[in-house]
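Report on the following structure.
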Amino acid sequence: MKIEALGDRAIRFPRPSGPSARAIVAAAKTWPGVVDVVVTREDVAVYFEAAPSASSIDLGRIADLANARDEGPAPREHVLRVVYDGVDLEAVATATGLSIDEVIARHQAATYIVDTMGFAPGFAYLDGLDPALELPRRATPRERVPAGSVAIAGAQTAVYPTESPGGWHLIGRVVDVTMFDPTTGPLLALGDRVRFVA
Amino acid sequence: VRFTVERVIGLVTFQDLGHHGRMHLAVPPGGALVPELLVASNRRVDNADDATCLEVQGRVVIRATETNETFDVSSGPSRCAYLAVRGGFLAGHRPLAVGDVIASTTAPPTTVRVAQPRFADGESVTIIPGPDLDAFGADALTILVSAPYRISPASNRVGTRLEGPALPRRADYRERSRPMVQGALEVPRDGQPIALGPEHPTTGGYPVIGVIASAELGRFHAIRLGGSVQFRIAASRVTSSR
């Protein structure tokens, strides 16, 4: 396994297949000196409070992550109310060859799961999008996407937790919910399940 | 002690030394651009090192409501300055706006101190190579240290945009979201690196040619906008395989 330096206080190595991101984060956070863990589809990064010595990077422990089990509290399930009035809704219907009603119905039919988070504070990549809705990202990202926008791109959907730039297709917006609170943090966490209702 | 914000030019925010532990929720550590200066201004008013200060990127004028004393802090020509008040500020989450009333944790008398970097320019900063050297032409590290890079005025707390010799990307590198770290030099296809700051995205798709040594990150962020930085390469370490 290749373990690479990500600066002098973090290492990066390939994500073991099998365990959920949540299980990997929980396991690696128990290592001495570890303050943060980030898991993406292909990689794991472990961040230390100070420069790790060669001996604190334990190859056995890293290999053991492949057996990490998710023993945390049961993941939460969120039901988010959506108004499907996104500026890209019609374009999505055209590009997928579906009617607007079908796009909405298919987006609502799935139960999504948060496997990775990144990009912006609290931004959760939701797996489980209906393959009929898969589209590449917009050729040109928007400079400003409003907080609460519900969007799709590739095989995923997401809710923009804060106003940010963004290249996903906007199909609606959540109502009556705060996706990111600077004090309490993000609504969604790794492992959570999400459904959308109109 | 309460203060009324009378004038704001640029970006003025509450900052401390940042908080680790929520990167798996896509929340970066945050904190001061130049932690050494935040600590210095806190020590001048006998605060704990990590008490909340104002980070001034521009100018701010605040008036103590009890005493009518005003404090006018300007970061120019440096990138930022830190204003500490005895006891520290009660942190807020939004940038300051005119008319805001902000408060310190202690009663009068008011003690306010400011720390500001000396006019920094042409600093030499150490880079730990990688991890994505396979995304670049073989001479990319040589090019990175061949000449200074200019600190673009378009920089912010998310990232510092650098302008200089273009770093050659290999056409066959497959971009995908990977974990990021503060100080990482992410390189888009135009070859102009972006150094990730305290509010960085925790994941990013551009390859990382190197990461600024953590002990030198504050010194890097102290360089004024429009100034320049000269990178040098650290001896490689940590990497192992089996």
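Observations
Results for (1) over 22 Å from B:I233 (Cβ atoms); (2) free of Cβ contacts under 8 Å to residues at least 24 places away in the same chain; (3) not small (G, A, S), shown as yes or no for each residue.
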site: B:E163; (1), (2), (3): no, no, yes
site: B:P168; (1), (2), (3): no, no, yes
site: B:E175; (1), (2), (3): yes, no, yes
site: B:P188; (1), (2), (3): no, yes, yes
site: B:Q192; (1), (2), (3): no, no, yes
site: B:T202; (1), (2), (3): yes, no, yes
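- For the stretch A:71-107, a tally of residues being outside any helix (DSSP H, G or I) and either surrounded by 18 or more Cβ atoms within 10 Å (Cβ to Cβ) or touching a strand residue (DSSP E or B) at 6+ places or on another chain (Cβ under 7 Å) (or both) returns 13.
- The set of residues in the stretch A:28-43 being part of a loop (DSSP other than H, G, I, E, B) and either within 9 Å of chain B (Cβ to nearest Cβ) or among the hydrophobic types (A, V, I, L, M, F, W, C) (or both) consists of A:K29, A:W31, A:T40, A:R41, A:E42.
Here's the yes/no breakdown for (1) without any contact (Cβ under 8 Å) to a residue 24 or more places away in the chain; (2) in contact with a helix residue (DSSP H, G or I) (Cβ under 9 Å, 6 or more places away or on another chain):
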position	(1), (2)
B:R22	yes, no
B:V27	no, no
B:V34	no, yes
B:D49	no, yes
B:V61	no, no
B:R86	no, no
B:A91	no, no
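- In the stretch B:204-221, the qualifying residues are those that are surrounded by fewer than 20 Cβ atoms within 10 Å (Cβ to Cβ) and touching a Gly at 6+ places or on another chain (Cβ under 9 Å), and the one that is nearest to the other protein chains (Cβ to nearest Cβ) is B:S214.
- Pairs meeting the criteria (first residue in the stretch A:18-31 and aliphatic (A, V, I, L, M), second residue assigned to a loop (DSSP other than H, G, I, E, B) and modelled with pLDDT of 95 or more, beta carbons under 6 Å, at least 6 apart or on different chains) are A:A21/A:L190; A:A23/A:A68; A:I24/A:A68; A:A27/A:A68.
- Tally, over the stretch A:12-56, of residues that are crowded, with 23+ Cβ neighbours inside 10 Å and within 19 Å of B:A215 (Cβ to Cβ): 2
- Among the residues of the stretch B:171-185, those identified as charged (D, E, K, R) and within 12 Å of chain A (Cβ to nearest Cβ) are B:R174, B:E175, B:R176, B:R178.
The values are calculated or read from the model by the stated rules, or taken from the named source; none is laboratory data. Everything quoted here is computed from the prediction, not taken from an experiment. Positions of Cβ are backbone-derived with ideal geometry, glycine not excepted, and every protein chain shown enters the neighbour counts.
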